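Every read-out reported here was derived from the displayed coordinates using simple, explicitly stated rules and does not represent laboratory data. Predicted, not measured: the structure shown is a model, and the values here were computed from it. Quick reminder, even Gly has a Cβ in these numbers, built from the backbone with ideal geometry, and neighbours come from all protein chains shown.
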Amino acid sequence: MHTQHLSPGLEGVVAAETRITEVDGTAGRLVIAGFELSELAGHATFEEMISLLWHDELPDREALAQLQHRLAHLRTAPDIAIQLLASAAEQRLSVMDALLMAAPTLRLGQHEAGSSEPLSLALRIVACLPTLVAAYWRLLQGAEPVSPREDLGHAANYLYMLSGCDPSAAQTHALDTYLCTVADHGLNASTFTARVIVSTRSDILSAVVGALGALKGPLHGGAPGPALDMVFEIGTAERAETYLRAALARGERLMGFGHRIYKVRDPRADVLAAAASQLYEKDGDRELYKLALQVEQTALQLLEELKPGRDLHTNVEFYTALLLHGIGLPTDLFAPTFALGRAAGWIAHCFEQQRADSLIRPQSTYVGPHGRKWAPVEQRQ
Ligand code: ACO
């Protein structure tokens, strides 16, 4: 009889050493490659973040220009991906499901797009995922996909492909801030999935597709849409308490609150709240921003009252919802846009796992019966 320690959900288990991010759930700190999140978010573009995550350094001018150029050049998705997305749109599949179907096609054309070295594939994935999301979104609206532009940065080009119009500097800056803020976060479920996949010496594209599947669930990347829906349904600050109390009484979870690691406020919530405040100051709906703050305060009070000792605080998703809405993205694009940012982190972890070259293979404790006997099918009851 084995007496191994059981950790349901692997809570508290350390499965890797990483130089990429440090998540301190007690102090509410997030450090990315040595930088506090607040040093990077609002300053770095997503391209700079990619360089930091993949090469452990912020790029100098020349390296940044080279990276921007390579990414911009790799944005065109294979034709078959667009055909696949058109079929998915006919069946009104969710954007995450469509992305999950189209992402594997990025293996096609890999050799024409560059060499087959892992960095080249990684760049192609990061460059093309926004193209797939934007093309699908337009197909869902009955519009033609808009071809990517090479003269725009990563964030601006995504917004351009969605609307067909040049985004404002404020929208682009807000999206860069968002993508950098969510780019990596330790060994979360999707990143762990990616690491497990490459730990078998499988490849980065397989890892990203697996990670997309893990991110799709509402307990991970799917929360911001429902979080914003909740704010809209509440509608006015006076209704917040009744609405939230009733939801908690029904045993529902309030989306945008609680976290496996953070037992204090998620530091990403502060960064995104500041970015949202800036954006709504300029051209957003200030009343919605104020309402969201009031809903957050009421939710925190009720969680403390009704779920004492569980340390439930605002997580990244609550202000993700507000910020992405302020940028002009519909709720259906919240989770896929999260994926576009997190893809940089998934790939950074894949590189790290490949260097470690050790198979991830935990154990399970068998709790089923023993001693059952075979019976031919006609004798089974
Ligand atoms: N609203 C109400 N109650 C909650 C919430 C919430 N948002 N989160 C946790 N709880 C309660 C649970 O019901 C449970 O209560 P109980 O002790 O009475 O049974 C207790 O707190 C502990 O919950 P667990 O599920 O064990 O906590 P875990 O660490 O596994 O969950 C999670 C973390 C999944 C994020 C959870 O807090 C949740 O479901 N939040 C809402 C969804 C959400 O916002 N997800 C995005 C997370 S951030 C990200 O992934 C990028």
Checklist outcome for this item: The local net charge around residue 314, scoring Lys/Arg +1 and Asp/Glu -1 for residues other than residue 314 whose Cβ lies under 15 Å from its Cβ, equals +1
Checklist entry - Per the Debye formula with a single identical scatterer at each Cα and no solvent contribution, what log10 I(q)/I(0) holds for the range 224-327 at q = 0.11 Å⁻¹? => result -0.30
Checklist entry - Among 296, 352, what is the fewest-to-most ranking by other Cβ atoms within 10 Å? => result 352, 296
Checklist entry - Which FRET efficiency value, to the nearest 0.05, do you get for residue 143 and residue 43 by plugging their Cβ-Cβ distance into 1/(1 + (r/R0)^6) with R0 = 35 Å? => result 0.50
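Arrange 61, 107, 19 by Cβ neighbour counts within 10 Å, fewest through most, would you?
Result, fewest neighbours first: 61, 19, 107.
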Checklist outcome for this item: In this structure, among 263/290; 216/307; 216/282, pairs with alpha-carbon gaps over 29 Å are 216/282
Next on the checklist: What is the ratio of the Cα radius of gyration of the chain to 2.2 N^0.38 Å, with N the residue count, to two decimals?
Outcome noted: 1.04
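Whats the longest run of the chain with zero chymotrypsin sites (Phe, Trp or Tyr not before Pro) that are DSSP loop and have at most 13 other Cβ atoms within 10 Å?
Working: sites that count: 366, 374.
Within the chain, the longest run free of exposed chymotrypsin sites (Phe, Trp or Tyr not before Pro) spans 1-365.
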Checklist entry - Where in the chain are the DSSP H helices whose C-alpha atoms run 27 Å or more along the long axis and whose mean Kyte hydropathy is at least -1.0? => result 118-140, 286-306, 334-356
Item to check | the chain: calculated mean residue ellipticity at 222 nm from DSSP helix runs of at least 4, using -39500 (n - 2.57) | outcome: -17500 deg cm²/dmol
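How would 76, 365 line up from fewest to most surrounding beta-carbon atoms within 10 angstrom?
365, 76
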Checklist entry - So who's got an amide H within less than 5 Å of the one on residue 21, skipping anything under 5 residues away but keeping other chains? H placed 1.01 Å off N, in plane. => result 33, 186
Next on the checklist: Between residue 294 and residue 374, what is 0.36 nm times their sequence separation minus the Cα-Cα distance? Round to one decimal in nm.
Outcome noted: 22.5 nm
Next on the checklist: Compute the distance from the alpha-carbon center of the range 321-350 to that of the range 1-79, in whole Å.
Outcome noted: 14 Å
